[in-house]
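A.B. asks: There's a structure below that I have some questions on.
The values are calculated or read from the model by the stated rules, or taken from the named source; none is laboratory data. This structure is a prediction, so every number in the text was calculated from the model and none was measured. Because the Cβ atoms are built from the backbone with ideal geometry, glycine has one as well, and the counts that use them run over all protein chains shown. Just so you know, the surface numbers come from the protein's heavy atoms only, side chains and all, with ligands and any DNA or RNA stripped out. Shrake-Rupley method; radii C 1.70, N 1.55, O 1.52, S 1.80 Å.
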Amino acid sequence: MSARNKSNELRITRIYDAPVAAVWDAWTDPGQVAQWWGPRGFTLTTHSKDLRPGGHWNYTMHGPDGTDYPNTTKYLAVERHTRLVYDHGGSDESAPLFRVTVLFSAFEGKTRMDMCMTLATAEAAEATRQVIKKANGNSTWDRLAEFLEKGVSGKETFVIARSFEVPRDRMFAMWTDPAHLSQWLPPTGFTMQFVRSDIRSGGSSFYFMANAGGMKMFGRAEYLKIEKPDLLVYKQQFCDENETITRHPMAPTWPETMLTTVRFAEEAPDQTRVTVTWEPDGTATAEEIDTFLKMRPGMTQGWTWSFDKLAEVLA
């Protein structure tokens, strides 16, 4: 989330590859919302939901450590497939924590979701922003993307998105120039070196990552589509020093080939949202899909660390 326009507002915009009706139902149907609402690792129990102006949604979020977080929402406006306005928190005796306005609109065959959280003061907005960051709250909208993709195509995916205060052309270069890429992409504690790099549509690269303990992991990437400055699509595999395909050195049931799609969206002239979608490519076994799904929390952590390093490099 970012603080643009009024300083007491937190805003987020996402484009989902699903019809508006599907996104609306994912938000409003208790059975569907339970499958994605909340930061990654959280689960949800709805106690009651009265989707109408003046109605309430009472639910409990269950943290991965077992902590329960009771929540109350009061709906102020419900316009089917178009708009939701609600107050979050509060009671008859206390004011709500913030007001949320969510707009749903068709956009190039997809759905645009514009969300604004309005708080009482700029200080309250900043405090809420920090709480969201600490809880990895933005992964909620990544989980929604995964849920919608499975509903549309049946595919299991991993999605993570982040906004950076940098123009889109510069961000695109950070992903397609090996000198830049090696500065931020490797896991924490590892360095990255390209043995061969030809980052273009139809090109490929061969690289390795190493840590201080002497561990070395080789990998290769095949670039399927590169459309500057919007899109990067590539396949990725682990391999040995001779570029023979192998398995993940620490997870033998990890899918052999992964397909990565990176989209770059201009949110402002100096702000770019990066959305990474990861999915098993080709024929993956049930065991491999299960491993992929179980490792989503670890993928979130790993990409978050890489994005943190990317932000430092950009700064």
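A.B. asks: Taking the Cα atoms of segment 160-280 alone, what are Rg (to one decimal) and Dmax (as a whole number) in Å?
C.D. replies: 14.8, 44
A.B. asks: Suppose a student asked you for the relative contact order of segment 196-315, using Cα pairs under 8 Å spaced at least 6 residues apart; what percent would you report?
C.D. replies: Dividing the mean separation by the residue count of segment 196-315 yields 15 percent.
A.B. asks: Can you sort 233, 100 by solvent-accessible area, 1.4 Å probe, largest first?
C.D. replies: On the way: 233 20, 100 0 Å².
The residues order as 233, 100, largest area first.
A.B. asks: Next up: How far, in nm, would the chain grow between residue 251 and residue 305 when pulled straight, counting 0.36 nm per residue and subtracting the alpha carbon separation? Numbers along the way, then the final one.
C.D. replies: Details: separation 54, 0.36 × 54 = 19.44 nm, distance 1.99 nm.
Result: 17.5 nm gained on full extension.
A.B. asks: Also: If you count, for each residue, the other Cβ atoms within 10 Å and average over each peptide, how do 60-72, 104-116 line up from highest to lowest? Before the final figure, lay out each step's value.
C.D. replies: Numbers: 60-72: 12.2, 104-116: 15.6.
Ranked by mean Cβ neighbours within 10 Å, highest first: 104-116, 60-72.
A.B. asks: By per-residue mean of other Cβ atoms within 10 Å, what is the highest-first order of 159-169, 119-129?
C.D. replies: Highest to lowest by the protection proxy: 159-169, 119-129.
A.B. asks: Here's something else I'd like to know. With a ≥ b ≥ c the root eigenvalues of the C-alpha gyration tensor of segment 88-212, is it rounded (a/c under 1.5), prolate (a/b larger than b/c) or oblate?
C.D. replies: Verdict is prolate for segment 88-212.
A.B. asks: Across all directions of projection, what mean area in square nanometres is found for the Cα convex hull of the chain?
C.D. replies: If you wrap the Cα atoms of the chain in a convex hull and average its projections, you get 17.4 nm².
A.B. asks: Can you list the residues, at least 5 places off or on another chain, whose amide H is less than 5 Å from the amide H of residue 257, using H built in the peptide plane?
C.D. replies: Excluding prolines and chain starts, which carry no amide H, the hits are 281.
A.B. asks: How much of the accessible area of the chain, in percent, comes from carbon and sulfur atoms when a 1.4 Å probe is used?
C.D. replies: 51
A.B. asks: Here's a follow-up. Would you mind calculating the gained length between residue 290 and residue 177 on full extension (0.36 nm times residue separation, minus the Cα-Cα distance), in nm to one decimal? Could the numbers behind the result be given before it?
C.D. replies: Values: separation 113, 0.36 × 113 = 40.68 nm, distance 3.35 nm.
Net length gain for the segment: 37.3 nm.
A.B. asks: Measuring from label point to label point, each 7 Å out along Cα→Cβ, what is the residue 153 to residue 241 span in nm?
C.D. replies: 3.7
A.B. asks: Okay, moving on. Suppose we keep just the alpha-carbon trace of segment 248-302; what are its Rg and Dmax in angstrom?
C.D. replies: According to the Cα coordinates of segment 248-302, Rg and Dmax are 14.3, 44 Å.
A.B. asks: Distance in nm between label sites at residue 82 and residue 105, each 7 Å beyond Cα in the beta-carbon direction?
C.D. replies: 1.3
A.B. asks: Place a point 7 Å from Cα of residue 204 in the direction of its Cβ. Which residues in segment 228-258 have their backbone N less than 17 Å from it?
C.D. replies: Only 233-247, 256-258 fall inside the zone, counting backbone N under 17 Å.
A.B. asks: Please get the size of the charge dipole for the chain, origin at its Cα centre, with Cβ charges of +1 on Lys and Arg and -1 on Asp and Glu, quoted in debye to the nearest 20. Don't skip to the end; give the middle numbers.
C.D. replies: Working: 35 positive and 40 negative charges, 74 e Å.
Computed charge dipole of the chain: roughly 360 debye.
A.B. asks: Kirkwood Rh and Cα-based Rg: tell me the resulting Rg over Rh for segment 68-132, rounded to two decimals.
C.D. replies: 1.04
A.B. asks: Under a crude label model (7 Å from the Cα following the beta-carbon direction), how far is residue 283 from residue 7 in nanometres?
C.D. replies: 6.1
A.B. asks: How much solvent-accessible surface does residue 267 expose, in Å² to the nearest 10, with a 1.4 Å probe and all protein chains in place?
C.D. replies: 70
A.B. asks: In addition: When ligands, DNA and RNA are left out and all protein chains stay put, how many square angstrom of accessible area per residue does the chain have with a 1.4 Å probe?
C.D. replies: Ligands and nucleic acids excluded, the result is 49 Å² per residue.
A.B. asks: Please compute the contact order of segment 118-165 in relative form: average sequence separation of alpha-carbon pairs under 8 Å and at least six residues apart, divided by the residue count, as a percent.
C.D. replies: After rounding, I find 25 percent.
A.B. asks: For residue 270 and residue 225, compute 0.36 nm times the residue count separating them, minus their Cα-Cα distance, and round to one decimal in nm.
C.D. replies: Values: separation 45, 0.36 × 45 = 16.20 nm, distance 2.49 nm.
Stretched out fully, the residue 270 to residue 225 stretch lengthens by 13.7 nm.
A.B. asks: Given Cα pairs under 8 Å that are at least 6 residues apart, what percent is the relative contact order of the chain?
C.D. replies: Contact order relative to length: 14 percent.
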